[in-house]
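Notes for the one structure printed next.
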Amino acid sequence: MPRRIRRRIRGLFDKVCFKPCGTPGHSLERVYLNEDELEAIRLMDFKGLYQEDVAKEMGASRPTISRILKEARTKIADALLNGKAIEIRK
């Protein structure tokens, strides 16, 4: 199994699950975002940083950040378009 590289995560992610309104959580499929995916989204899409700056902030390469963002955005789009819950994994 490949070694997992620890990246700098500065966001405080105390909300661990988001779900569509009006549907009980136990009946929903879930998509799972890990903390580095959420941190990359926070820095890029919420704070407006460029990928190079996100990479420096998180201690990763720019191509790695690009891959992380693509995976995170695909998961978020899947949840929004298909009525799935989003769960944050630490």
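Restricting attention to helices (runs of 4 or more DSSP H) lying wholly within region 9-86, give those where 2 or more residues are surrounded by 13 or more Cβ atoms within 10 Å (Cβ to Cβ), free of Cβ contacts under 8 Å to residues at least 40 places away in the same chain and within 13 Å of the chain's Cα centre (by Cα).
Working: elements: 35-41, 51-58, 62-82.
It comes to 35-41, 62-82.
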* Matching residues, region 23-58, being over 18 Å from Asn82 (Cβ atoms) and among the hydrophobic types (A, V, I, L, M, F, W, C) -> Leu38, Ala40, Ile41, Leu43, Met44, Phe46, Leu49, Val54, Ala55, Met58
* Output the residues belonging to region 69-90 that are touching a Pro at 6+ places or on another chain (Cβ under 6 Å) and modelled with pLDDT of 95 or more. => none
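The values are calculated or read from the model by the stated rules, or taken from the named source; none is laboratory data. Keep in mind that what you see is a predicted model, and the values were worked out from it rather than measured. Quick reminder, even Gly has a Cβ in these numbers, built from the backbone with ideal geometry, and neighbours come from all protein chains shown.
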